[in-house]
Amino acid sequence: MTKTNRDGGPYDERYAELYNSIWWDHDHWKAEGEFHIKTISELIKPESKWLDVGCGNGHFLSNFPEVDRVGLDYSEAMIEEAKKRNPNVDFYHQSIIDDNEALENTYDFVSCTGQPWSYLTNFSELEKAATNLAKWTSDDGVCMLSQLDVSDLIGIDELPYFFDETDLPPGYAAVTGVYWIHKDISSTYHYCLSPNMDQWIRWLSVHFGKIEVRYGPHEPDYLTIPRRLLICSEKRKKGDLQPTKIIGEPVPAFVTRNANDVPYLSNKQLVKEMGRRIVNGSMLRAGVRRIFG
(Lines give C-alpha, C1' and ligand atoms only; values in the text may rest on other atoms or scores of the structure.)
Protein backbone atom coordinates (compact mmCIF):
# COMPACT_ATOMS: atom_id res chain seq x y z
CA MET A 1 0.00 0.00 0.00
CA THR A 2 1.33 3.43 -0.87
CA LYS A 3 1.13 6.44 1.37
CA THR A 4 -2.32 7.98 1.41
CA ASN A 5 -2.46 11.64 0.45
CA ARG A 6 -6.02 12.85 0.79
CA ASP A 7 -6.95 16.11 -0.88
CA GLY A 8 -7.11 18.86 1.71
CA GLY A 9 -4.92 17.05 4.20
CA PRO A 10 -4.42 13.60 5.66
CA TYR A 11 -7.35 13.57 8.09
CA ASP A 12 -11.02 13.32 7.14
CA GLU A 13 -14.25 14.30 8.94
CA ARG A 14 -14.56 11.03 10.86
CA TYR A 15 -11.02 11.23 12.17
CA ALA A 16 -11.48 14.89 13.13
CA GLU A 17 -14.56 14.03 15.19
CA LEU A 18 -12.78 11.17 16.98
CA TYR A 19 -9.42 12.90 17.38
CA ASN A 20 -9.63 13.68 21.10
CA SER A 21 -10.87 10.21 21.99
CA ILE A 22 -7.89 8.75 20.11
CA TRP A 23 -5.34 11.14 21.60
CA TRP A 24 -5.87 13.70 24.36
CA ASP A 25 -8.72 11.93 26.16
CA HIS A 26 -6.98 8.55 25.89
CA ASP A 27 -5.21 7.19 28.98
CA HIS A 28 -1.96 6.77 27.01
CA TRP A 29 -1.73 10.39 25.93
CA LYS A 30 -3.78 12.41 28.43
CA ALA A 31 -0.78 13.18 30.65
CA GLU A 32 1.20 14.42 27.67
CA GLY A 33 -1.65 16.69 26.56
CA GLU A 34 -1.88 18.16 30.05
CA PHE A 35 1.89 18.69 30.05
CA HIS A 36 1.59 20.62 26.77
CA ILE A 37 -1.17 22.82 28.21
CA LYS A 38 0.85 23.50 31.37
CA THR A 39 3.92 24.43 29.32
CA ILE A 40 1.90 26.70 27.01
CA SER A 41 0.44 28.48 30.04
CA GLU A 42 3.99 29.17 31.30
CA LEU A 43 5.29 30.46 27.96
CA ILE A 44 2.38 32.54 26.73
CA LYS A 45 1.62 36.02 28.05
CA PRO A 46 -1.79 37.73 28.23
CA GLU A 47 -0.77 40.15 25.48
CA SER A 48 0.77 37.44 23.27
CA LYS A 49 -0.28 36.66 19.74
CA TRP A 50 -0.24 32.88 19.33
CA LEU A 51 0.01 30.76 16.17
CA ASP A 52 -0.64 27.02 16.59
CA VAL A 53 0.85 25.21 13.57
CA GLY A 54 -0.77 21.85 12.84
CA CYS A 55 -3.53 22.87 15.25
CA GLY A 56 -5.68 19.82 14.42
CA ASN A 57 -9.11 20.07 15.98
CA GLY A 58 -8.10 23.13 18.02
CA HIS A 59 -7.89 21.29 21.34
CA PHE A 60 -4.97 23.28 22.74
CA LEU A 61 -6.30 26.59 21.38
CA SER A 62 -9.63 25.99 23.14
CA ASN A 63 -7.89 25.92 26.52
CA PHE A 64 -6.87 29.58 26.21
CA PRO A 65 -9.96 31.53 25.11
CA GLU A 66 -8.57 34.79 26.52
CA VAL A 67 -5.51 34.75 24.22
CA ASP A 68 -5.27 36.31 20.75
CA ARG A 69 -4.74 33.07 18.84
CA VAL A 70 -4.71 31.71 15.29
CA GLY A 71 -4.61 28.13 14.00
CA LEU A 72 -2.99 26.62 10.92
CA ASP A 73 -3.59 23.15 9.50
CA TYR A 74 -3.50 21.34 6.15
CA SER A 75 -6.65 19.32 6.86
CA GLU A 76 -9.92 21.01 5.95
CA ALA A 77 -11.83 18.61 8.20
CA MET A 78 -9.63 19.44 11.17
CA ILE A 79 -10.07 23.15 10.64
CA GLU A 80 -13.85 22.79 10.50
CA GLU A 81 -13.75 20.90 13.80
CA ALA A 82 -11.40 23.49 15.29
CA LYS A 83 -13.79 26.30 14.37
CA LYS A 84 -16.52 24.61 16.42
CA ARG A 85 -14.25 24.53 19.45
CA ASN A 86 -12.86 28.03 18.89
CA PRO A 87 -15.50 30.48 17.66
CA ASN A 88 -14.19 33.85 16.48
CA VAL A 89 -10.69 32.43 15.89
CA ASP A 90 -9.06 32.72 12.46
CA PHE A 91 -7.56 29.68 10.74
CA TYR A 92 -5.17 29.22 7.85
CA HIS A 93 -5.65 26.23 5.58
CA GLN A 94 -2.13 25.54 4.32
CA SER A 95 0.90 23.29 4.65
CA ILE A 96 3.67 24.01 7.12
CA ILE A 97 6.04 24.49 4.17
CA ASP A 98 3.87 27.02 2.29
CA ASP A 99 5.09 30.60 2.31
CA ASN A 100 2.75 33.17 3.83
CA GLU A 101 3.95 36.77 4.18
CA ALA A 102 1.02 37.60 6.47
CA LEU A 103 2.48 35.30 9.13
CA GLU A 104 6.11 36.41 9.00
CA ASN A 105 7.64 37.81 12.18
CA THR A 106 4.16 38.21 13.64
CA TYR A 107 3.59 35.83 16.55
CA ASP A 108 4.96 36.08 20.08
CA PHE A 109 4.33 32.38 20.56
CA VAL A 110 4.43 29.72 17.83
CA SER A 111 3.63 26.14 18.78
CA CYS A 112 3.79 22.91 16.80
CA THR A 113 2.86 19.86 18.85
CA GLY A 114 1.38 17.19 16.58
CA GLN A 115 4.31 16.36 14.29
CA PRO A 116 2.56 17.60 11.10
CA TRP A 117 5.88 17.41 9.23
CA SER A 118 5.59 13.60 9.36
CA TYR A 119 3.67 13.72 6.09
CA LEU A 120 6.28 15.72 4.21
CA THR A 121 8.35 13.89 1.62
CA ASN A 122 12.02 14.64 2.34
CA PHE A 123 14.51 16.38 4.63
CA SER A 124 14.62 19.49 2.45
CA GLU A 125 10.91 20.02 3.11
CA LEU A 126 11.45 19.34 6.82
CA GLU A 127 14.16 21.99 6.94
CA LYS A 128 11.75 24.41 5.24
CA ALA A 129 9.21 23.60 7.96
CA ALA A 130 11.76 24.56 10.63
CA THR A 131 12.55 27.76 8.73
CA ASN A 132 8.86 28.71 8.51
CA LEU A 133 8.30 28.15 12.23
CA ALA A 134 11.18 30.55 12.87
CA LYS A 135 10.00 33.08 10.26
CA TRP A 136 6.54 33.20 11.82
CA THR A 137 7.98 33.85 15.30
CA SER A 138 8.40 37.52 16.24
CA ASP A 139 11.80 38.98 17.11
CA ASP A 140 11.19 38.56 20.86
CA GLY A 141 8.97 35.52 20.49
CA VAL A 142 9.17 31.88 21.54
CA CYS A 143 8.73 28.79 19.36
CA MET A 144 7.70 25.48 20.97
CA LEU A 145 8.18 22.23 19.07
CA SER A 146 7.20 18.69 20.11
CA GLN A 147 9.43 16.17 18.40
CA LEU A 148 9.58 12.40 18.06
CA ASP A 149 12.72 10.47 17.22
CA VAL A 150 14.04 6.93 16.99
CA SER A 151 15.12 6.77 20.64
CA ASP A 152 11.47 7.28 21.65
CA LEU A 153 10.44 4.19 19.74
CA ILE A 154 12.99 1.40 19.71
CA GLY A 155 14.57 1.26 23.14
CA ILE A 156 17.90 3.00 22.52
CA ASP A 157 18.11 5.13 25.64
CA GLU A 158 21.79 5.94 25.09
CA LEU A 159 21.58 7.25 21.53
CA PRO A 160 24.33 9.90 21.11
CA TYR A 161 23.24 13.33 19.86
CA PHE A 162 25.55 15.64 17.95
CA PHE A 163 24.30 19.22 17.86
CA ASP A 164 27.16 20.39 15.67
CA GLU A 165 28.20 18.21 12.75
CA THR A 166 31.85 19.11 13.38
CA ASP A 167 31.59 17.20 16.70
CA LEU A 168 30.94 13.93 14.87
CA PRO A 169 34.09 11.77 15.26
CA PRO A 170 35.72 10.45 12.08
CA GLY A 171 34.30 7.07 11.15
CA TYR A 172 31.27 7.51 13.45
CA ALA A 173 27.76 7.26 11.96
CA ALA A 174 24.93 9.18 13.63
CA VAL A 175 21.19 8.71 13.09
CA THR A 176 19.49 11.87 11.79
CA GLY A 177 15.96 10.56 11.30
CA VAL A 178 13.71 7.60 10.56
CA TYR A 179 10.80 6.53 8.38
CA TRP A 180 7.80 4.93 10.03
CA ILE A 181 4.25 3.76 9.26
CA HIS A 182 1.11 5.23 10.78
CA LYS A 183 -2.25 3.47 10.63
CA ASP A 184 -5.29 5.45 11.67
CA ILE A 185 -8.95 4.42 11.70
CA SER A 186 -9.33 4.48 7.93
CA SER A 187 -5.93 4.61 6.19
CA THR A 188 -2.29 3.64 6.45
CA TYR A 189 0.43 6.22 5.87
CA HIS A 190 3.79 4.94 4.69
CA TYR A 191 7.11 6.79 4.70
CA CYS A 192 6.24 9.14 7.55
CA LEU A 193 9.35 11.12 8.51
CA SER A 194 10.73 12.01 11.93
CA PRO A 195 14.07 13.81 12.28
CA ASN A 196 15.99 13.15 15.48
CA MET A 197 16.18 15.78 18.18
CA ASP A 198 19.72 16.85 17.32
CA GLN A 199 18.75 17.33 13.67
CA TRP A 200 15.89 19.64 14.69
CA ILE A 201 18.30 21.56 16.90
CA ARG A 202 20.78 21.95 14.04
CA TRP A 203 18.02 23.41 11.82
CA LEU A 204 16.51 25.63 14.52
CA SER A 205 19.92 26.87 15.71
CA VAL A 206 20.24 28.74 12.44
CA HIS A 207 17.37 30.95 13.61
CA PHE A 208 17.47 30.90 17.44
CA GLY A 209 20.27 31.57 19.90
CA LYS A 210 18.76 29.53 22.75
CA ILE A 211 17.02 26.13 22.75
CA GLU A 212 15.71 24.53 25.93
CA VAL A 213 14.89 20.80 26.13
CA ARG A 214 11.96 20.04 28.45
CA TYR A 215 10.81 16.56 29.44
CA GLY A 216 7.20 15.46 29.56
CA PRO A 217 5.60 12.53 31.36
CA HIS A 218 6.78 9.03 30.47
CA GLU A 219 3.59 7.89 28.73
CA PRO A 220 2.81 5.38 27.33
CA ASP A 221 5.04 2.44 28.32
CA TYR A 222 6.03 1.55 24.76
CA LEU A 223 7.83 4.88 24.42
CA THR A 224 11.14 4.17 26.08
CA ILE A 225 12.08 7.65 27.31
CA PRO A 226 10.12 10.77 28.29
CA ARG A 227 8.79 12.86 25.42
CA ARG A 228 10.56 16.17 24.87
CA LEU A 229 9.66 19.71 23.93
CA LEU A 230 12.10 22.11 22.30
CA ILE A 231 11.61 25.71 23.49
CA CYS A 232 13.36 28.11 21.08
CA SER A 233 14.01 31.78 21.90
CA GLU A 234 16.48 34.63 21.33
CA LYS A 235 15.72 34.81 17.63
CA ARG A 236 18.81 35.67 15.67
CA LYS A 237 19.34 38.92 13.86
CA LYS A 238 21.09 38.94 10.50
CA GLY A 239 24.79 38.17 10.88
CA ASP A 240 24.46 36.57 14.34
CA LEU A 241 26.78 33.54 14.27
CA GLN A 242 27.14 32.96 18.01
CA PRO A 243 26.86 29.32 19.17
CA THR A 244 23.38 28.32 20.27
CA LYS A 245 22.88 27.81 24.02
CA ILE A 246 21.28 24.39 24.60
CA ILE A 247 19.61 24.21 28.01
CA GLY A 248 18.72 20.89 29.66
CA GLU A 249 20.12 17.42 29.18
CA PRO A 250 19.45 16.19 25.63
CA VAL A 251 18.61 12.65 26.86
CA PRO A 252 17.67 11.36 30.34
CA ALA A 253 21.20 10.02 30.86
CA PHE A 254 23.33 12.46 28.89
CA VAL A 255 25.88 10.76 26.65
CA THR A 256 29.35 12.27 26.55
CA ARG A 257 32.55 11.12 24.90
CA ASN A 258 35.94 10.38 26.37
CA ALA A 259 39.28 11.14 24.76
CA ASN A 260 38.89 8.18 22.44
CA ASP A 261 35.40 9.31 21.34
CA VAL A 262 33.75 6.29 22.99
CA PRO A 263 30.28 7.05 24.43
CA TYR A 264 30.07 6.49 28.20
CA LEU A 265 27.88 7.29 31.19
CA SER A 266 29.11 8.69 34.47
CA ASN A 267 28.35 6.70 37.65
CA LYS A 268 25.79 9.30 38.71
CA GLN A 269 24.06 9.16 35.34
CA LEU A 270 24.14 5.36 35.33
CA VAL A 271 22.52 5.14 38.77
CA LYS A 272 19.88 7.68 37.71
CA GLU A 273 19.11 5.70 34.57
CA MET A 274 18.95 2.36 36.42
CA GLY A 275 16.54 3.88 38.92
CA ARG A 276 14.30 5.16 36.16
CA ARG A 277 14.24 1.75 34.50
CA ILE A 278 13.40 0.00 37.78
CA VAL A 279 10.53 2.40 38.49
CA ASN A 280 8.96 2.15 35.02
CA GLY A 281 9.46 -1.64 34.85
CA SER A 282 11.62 -1.67 31.72
CA MET A 283 14.49 -3.44 33.52
CA LEU A 284 12.18 -6.22 34.71
CA ARG A 285 10.72 -6.64 31.23
CA ALA A 286 14.20 -6.79 29.72
CA GLY A 287 15.19 -9.50 32.23
CA VAL A 288 12.11 -11.55 31.39
CA ARG A 289 12.87 -11.28 27.68
CA ARG A 290 16.48 -12.31 28.26
CA ILE A 291 15.46 -15.41 30.27
CA PHE A 292 12.44 -16.58 28.32
CA GLY A 293 13.19 -15.12 24.89
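The values are calculated or read from the model by the stated rules, or taken from the named source; none is laboratory data. All values reported here derive from a predicted model rather than from experimental measurement. Here Cβ is always computed from backbone atoms with ideal geometry, including for glycine, and neighbour counts include all displayed protein chains.
Key figures
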{"quantity": "All positions within the stretch 42-84 that are part of a helix (DSSP H, G or I) and under 18 Å from Tyr15 (Cα atoms)", "calculated": "His59, Phe60, Glu76, Ala77, Met78, Ile79, Glu80, Glu81, Ala82, Lys83, Lys84"}
{"quantity": "Residues of the stretch 48-58 classified as more than 14 Å from the chain's Cα centre (by Cα) and within 12 Å of Tyr107 (Cβ to Cβ), total", "calculated": "4"}
{"quantity": "Members of the stretch 79-95 found to be out of contact with any strand residue (DSSP E or B) (no Cβ under 6 Å at 6 or more places or on another chain) and closer than 22 Å to Glu125 by Cα, listed by number", "calculated": "His93, Gln94, Ser95"}
{"quantity": "Subset of the stretch 111-124 (residues that are buried (at least 16 other Cβ atoms within 10 Å of the Cβ) and more than 11 Å from Leu51 (Cα to Cα))", "calculated": "Thr113, Gly114, Gln115, Pro116, Trp117, Ser118, Tyr119, Leu120"}
{"quantity": "Enumerated strands (runs of 3 or more DSSP E) restricted to the stretch 142-215, each holding at least 1 residues that are in contact (Cβ under 8 Å) with a residue 40 or more places away in the chain and among the hydroxyl-bearing types (Ser, Thr, Tyr)", "calculated": "188-195"}
{"quantity": "Output for the stretch 86-110, where each listed residue is surrounded by fewer than 14 Cβ atoms within 10 Å (Cβ to Cβ) and assigned to a strand (DSSP E or B)", "calculated": "Asp90"}
{"quantity": "Test for Leu223: is it part of a loop (DSSP other than H, G, I, E, B), in the same structural domain as Asn105 (by TED's automatic domain parsing) and modelled with pLDDT under 90", "calculated": "yes"}
{"quantity": "Residues within the stretch 131-163 that are closer than 10 Å to Ile97 by Cβ and of a type outside the set (Val, Ile, Thr), tallied", "calculated": "1"}
{"quantity": "Restricting the stretch 183-201 to residues that are surrounded by fewer than 16 Cβ atoms within 10 Å (Cβ to Cβ) and modelled with pLDDT under 80, the residue that is nearest to Ser21 (Cα to Cα)", "calculated": "Ile185"}
